[in-house]
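Nothing in this text is a laboratory measurement; each read-out follows from the coordinates by a stated rule. All figures in this text were calculated on a predicted structure; none of them were measured in a lab. Glycine gets a Cβ as well: all are built from the backbone with ideal geometry, and neighbour counts include every protein chain shown.
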Amino acid sequence: MNRLEATERGTLLTCPDCWGVLSMRTEGDAGHVYFRCQIGHGFSIESVVAAKKQQLEDRLWSATLTIHEVIRMLEEFETQLRPLVTDRNVIAERRARAQRDIEILRRLTESNEPIAFAAGRERARRGERRP
């Protein structure tokens with residue numbers, strides 16, 4: 001059994017490209033870590049974190065857009081369907097809650113800080129760019 005096989009283990013992560021299961025592999029004496037799915041997509045630790053961060057941001061913005069659509073729908077109910085709406089307070093409360101949800105999602109998206117890994121800090125110290 002070679003070193004690569006001996007140091008590969010499954011994870012609970014999915015591939016950012018194809019949603020397959022990622023395996024984590026450690027190679028070499030320095031213990032370089034990278035991830036690979038069954039299809040063959042490969043990621044360094046930095047790139048898999050960046051890809052997952054991007055997925056999270058995309059989903060948060062998607063949720064924000066959906067909540068905006070719900071707000072527009074509720075406003076439409078209030079104006080166009082006024083005779084059919086029996087409790088306008090419920091719609092106003094839902095709109096207010098949706099606005100609060102949007103603010104929470106916006107803060108989550110905007111506060112997402114990058115993670116600095118040791119290899120990245122070392123490259124930055126030497127003035128090198130990412131490979």
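Things worth noting here:
- Rough spin-label spacing in nm, given labels placed 7 Å along Cα→Cβ, for HIS68 and ASN89: 3.1
- Farthest positive-ward along the stretch 49-110 dipole, Cα basis, beta-carbon charges - from LEU74, THR109, THR64: THR109
- For the peptides 88-97, 40-49, the ranking by packing is 40-49, 88-97, with the highest mean count of neighbouring Cβ atoms within 10 Å listed first.
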